[in-house]
1. So in segment 267-310, with the set limited to residues that are of a type in the set (Lys, Arg) and not in a strand (DSSP E or B), which one is nearest to residue 100 (Cα to Cα)?
2. What are the pairs, 6+ residues apart or on separate chains, where a residue within segment 1-23 that is more than 17 Å from residue 39 (Cα to Cα) and in contact (Cβ under 8 Å) with a residue 24 or more places away in the chain has its Cβ under 8 Å from a residue that is charged (D, E, K, R) and part of a loop (DSSP other than H, G, I, E, B)?
3. Every residue in segment 8-19 that is among the basic types (Lys, Arg) and out of contact with any strand residue (DSSP E or B) (no Cβ under 8 Å at 6 or more places or on another chain), please.
4. Looking at 325, 330, which is the one that is under 25 Å from the mean Cα position of the chain (by Cα), among the aliphatic types (A, V, I, L, M) and at pLDDT below 95?
5. If a residue must be without any contact (Cβ under 8 Å) to a residue 60 or more places away in the chain and under 19 Å from residue 172 (Cβ atoms), how many such residues does segment 127-141 contain?
6. Name every residue in segment 177-203 that is part of a loop (DSSP other than H, G, I, E, B) and either of a type in the set (S, T, N, Q) or farther than 24 Å from residue 239 by Cβ (or both), in order of residue number.
7. So for segment 51-71 (the condition being among the acidic types (Asp, Glu), at positive phi and over 15 Å from the mean Cα position of the chain (by Cα)), does at least one residue qualify?
8. From the set of residues in segment 390-427 that are among the acidic types (Asp, Glu) and more than 29 Å from residue 4 (Cβ to Cβ), which is surrounded by the most Cβ atoms within 10 Å (Cβ to Cβ)?
Amino acid sequence: MHFFRYRDHKLHCEDVDLEQVADRVGTPTYVYSATTILDHYSRLDAALAPIDHLICYAVKANSNRAILKLLANAGAGFDIVSGGELFRVLAAGGAPAKCTFAGVGKSREEIDYALEHGVFSLNVESEAELDQIDRIAAEKSLCAPIALRVNPDVDPHTHAYIATGSHENKFGIALYQIGAVYARAAGMANIRVAGVQMHIGSQITEAQPFANAIEKVAPLLRELKSKYGIKFFSIGGGMGIIYQRALESGSGKWWHDHGGEPSAFSVSDYADAIVPPLRDLGIQVLLEPGRFLVGNAGVLLTRVRYIKQTGSKKFAVVDAGMNDLIRPALYQSYHEIAPVIEPNKSKPDKVDIVGPVCESGDFFALDREMSELHEGDLLAIMSVGAYGFVMASNYNSRPLPAEVLVRGDKFALIRKRQTWEDLARGEIDPL
């Protein structure tokens, strides 16, 4: 269930009128539904009840402290990929003992910071990194808990930029090499072999690739459990969501699946595919979902500045730009765009919805059929709760947008909009 609907001809997030948010906070602004996030977390948690598991939210999807606190209070652990993400989790009240630290290029400072705070595991991506962790742990007279990241060479059928589980990607250690590396790790005085980790990619919309990867890695897990007593298997994240949706006309209608894009599998489909083989292994299972928990929980509010006609082409120039939401430019991704004031049944118009950034790639939709738009219209770019604000930049010296969290009939500012003065803060004139 995604809690965005028209009520009295106005788009609401839960019980909050999004027009009121824009009037109060301005645009562009990210708005998140707390109820949607918690609903997705609780449904996934319940579906995995037959196995010992821990859901570690992938902080890279959306790292706002209020979102992290929401999930920490719900019992989540965290999947982190930098020292900065660990800092954010700690600031939000998250437990370091429920954090797994992934990433191919951890710095010495980051490893030191993670060991100092007692993270659950450091996920090792290479032998060189294993050596570095051992050295740092020795200097601190500690024993570092590690899991090697195995690359199972499984095709996840997703965008090339977010596929991580094949031998052509930079991530992990090949399945045929992993046994020897574990043997080496087990002989290190300051390393404790704790588990195995894998992650095959993101925005995967079928359950079978996950099941295939688990099947390929299962013999290794049984061997490692027998030899070294490993305690957990982290199966990564990557559960896909629906981006292409439509709002039904009429008040009170909810978002529903729309043709033209493969449907993301349900939580029950996912659980049916992975629970049986994982139950047989008899060890704790960690999951690292990000997009699934927060993706459909967010919208980006933006206002139309100008309507421009050029020959046969019509443009709606909005106040959000690719610096605020880069996914369409970077991944050629689709995002539904909904007028905040429910449109009438007028004949749809084809329009490019573009931003003010000086790049031809600065667009949110091309040749999109929309009800006729006018200057000043407020739009909601849907399904931007994941990889939206976290990938935003100050390109063209544009201030970062505000962020708002909704819960029930109340909303709160959880990040102030940057000012022009903020853009130059920290810069130093050397003369």
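1. Applying the filter and picking the extreme gives 291.
2. Here the result reads 6/253; 6/342; 9/342; 10/342; 11/342; 16/409, each pair linking segment 1-23 to a residue that is charged (D, E, K, R) and part of a loop (DSSP other than H, G, I, E, B).
3. none
4. Only one candidate qualifies: 330.
5. Count: 7.
6. The answer is 187, 188, 189, 190, 202, 203.
7. Checking segment 51-71: not a single residue is among the acidic types (Asp, Glu), at positive phi and over 15 Å from the mean Cα position of the chain (by Cα).
8. It comes out as 422.
The values are calculated or read from the model by the stated rules, or taken from the named source; none is laboratory data. Just so it is clear, the structure is predicted and the values come from calculations on it, not from any experiment. For neighbour counting, all protein chains shown are included, and Cβ atoms are generated from backbone atoms with ideal geometry for every residue, glycine included.
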